[in-house]
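**Student:** Questions regarding the structure given below will be posed in turn.
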Amino acid sequence: MRETSNPVFRSLPKGQGGYAQFGTEAAGYGAQAVQADPYVTQYPDQRQTGVARPLTIDDVVTKTGITLAVLTAVAAVSYFLVAQNLALAMPLLLVGSLAGMGLLLFAIFGRKQDNPAIVLSYAVCEGMVVGAFSFVVANLMVSGISAGALISQAVVGTLGVFFGMLVVYKTGAIRVTPKFTRFLVAAGFGAVVLMLVNLVIGLFTHSAGPLRDGGPMAILFSLLMIGLAAFFFLSDFDQADQAIRAGAPEKAAWGIALGLTVTLVWLYLEILRLLSYFNNN
């Protein structure tokens, strides 16, 4: 089995068999997964045990839809709370970011990605961040464009990239290979390091840092992050495809929903930030 570049998916359970899929992987993958994956014994073939039905594409779509619906609802509440009291922006951003990161790390290292309570709690935390961040950027950091128009453009851009990469994956225009996955992992770690360095520079210079100040370097960095997030979708789709083909249990859909949500939120924030650069005060 290929190792995924998205850490959320790395410990998702797999089972046997082949079911509905996203793409066109080779037949017989289920048997290979059984031999290669140590977690299969935890979730034996669902058709034989009768305990739970195997994962399907409908499960992935439904659980992802529920997760994003919760995130969107909380984001709307967070947005209007900040609109009523701007002092709430920083607490919502800090609490949402730290709690969300904590839940994500717990899900990854505790192998709890398929726990719906953790996934939906993460959606709540990210909703707090998305709502507060959207208000601050769209109302305080731009001019010449309404908040609704800027946010709408970011949402449309995010959905456009998502469905565009889904088409790329389904048509096989870019294949998710081990080499491709290693590239994404290295690029992801590199992006994290750059953002941490920029944060340190910003703390010492009392600024947003060269990667977030709206200048040419910041624009280039945001474009690179948007491109990287787009490629991460290919890895996400491939891992979901493999889980379905391997006959993973139904609840694995929550872990897939978590991974897709992480990438979607990252992409939306980067697109919104980039748009703000072009409409800066």
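The values are calculated or read from the model by the stated rules, or taken from the named source; none is laboratory data. All values reported here derive from a predicted model rather than from experimental measurement. Don't worry about glycine lacking a Cβ; one is built from the backbone with ideal geometry, like all the others, and counts go over all protein chains shown. Surface areas here come from the heavy atoms of the whole protein model, side chains and all, with no ligands, DNA or RNA. Shrake-Rupley method; radii C 1.70, N 1.55, O 1.52, S 1.80 Å.
**Student:** Round to a whole number: what % of the accessible area of region 57-279 belongs to carbon and sulfur, probe 1.4 Å?
**Tutor:** Exposed carbon and sulfur together represent 76 percent of the surface.
**Student:** Which of the trypsin sites (Lys or Arg not before Pro) found in region 124-228 are in a DSSP loop and have at most 15 neighbouring Cβ atoms, other than their own, within 10 Å?
**Tutor:** Values: sites: Lys170, Arg175, Lys179, Arg182, Arg212; in loops: Arg175, Arg212.
Listed in order of number, the matching sites are Arg175.
**Student:** Quick check: the distance between the Cα centres of region 261-281 and region 180-245, to the nearest angstrom?
**Tutor:** What the calculation gives is 12 Å, centre to centre.
**Student:** Within 11 Å, Cβ to Cβ, of Gly202, how many net charges do the neighbouring residues add up to if Lys/Arg are +1 and Asp/Glu are -1? Let's see the in-between values first.
**Tutor:** Details: positive: Arg212; negative: Asp213.
Combined, the nearby Lys, Arg, Asp and Glu give 0.
**Student:** Given axes a ≥ b ≥ c from the Cα gyration tensor, I'd like to know whether region 70-224 is rounded (a/c under 1.5), prolate (a/b larger than b/c) or oblate.
**Tutor:** rounded
**Student:** Given a 1.4 angstrom probe, what's the average accessible area per residue across region 57-279, in square angstrom? Intermediate results must be reported in sequence, preceding the final value.
**Tutor:** Details: 10030 Å² over 223 residues.
On a per-residue basis, 45 Å².
**Student:** Largest first, what is the accessible-area ranking of Trp254, Trp266 with a 1.4 Å probe?
**Tutor:** Largest accessible area first, the list is Trp266, Trp254.
**Student:** Same structure, new question: Which distance in nm do the two modelled labels at Ala149 and Thr72 give, with both placed 7 Å along the Cα-to-Cβ direction?
**Tutor:** Here the modelled spin labels are 2.3 nm apart.
**Student:** Follow-up. Which value, in Å² and to the nearest 10, is the accessible area of Ser97 when all protein chains are kept and the probe is 1.4 Å?
**Tutor:** Here the accessible area works out near 60 Å².
**Student:** Just want the answer: with Cβ charges of +1 for Lys and Arg and -1 for Asp and Glu, which residue in Ala83, Pro178, Gly144 is farthest toward the dipole's positive end in region 57-279?
**Tutor:** Pro178
**Student:** Still on this structure, I have one more. Under the 0.36 nm per residue contour assumption, what length would be gained going from the current alpha-carbon distance of Ala173 and Val185 to full extension? It would help to have the intermediate numbers written out before the result.
**Tutor:** Values: separation 12, 0.36 × 12 = 4.32 nm, distance 2.04 nm.
In short, 2.3 nm is gained.
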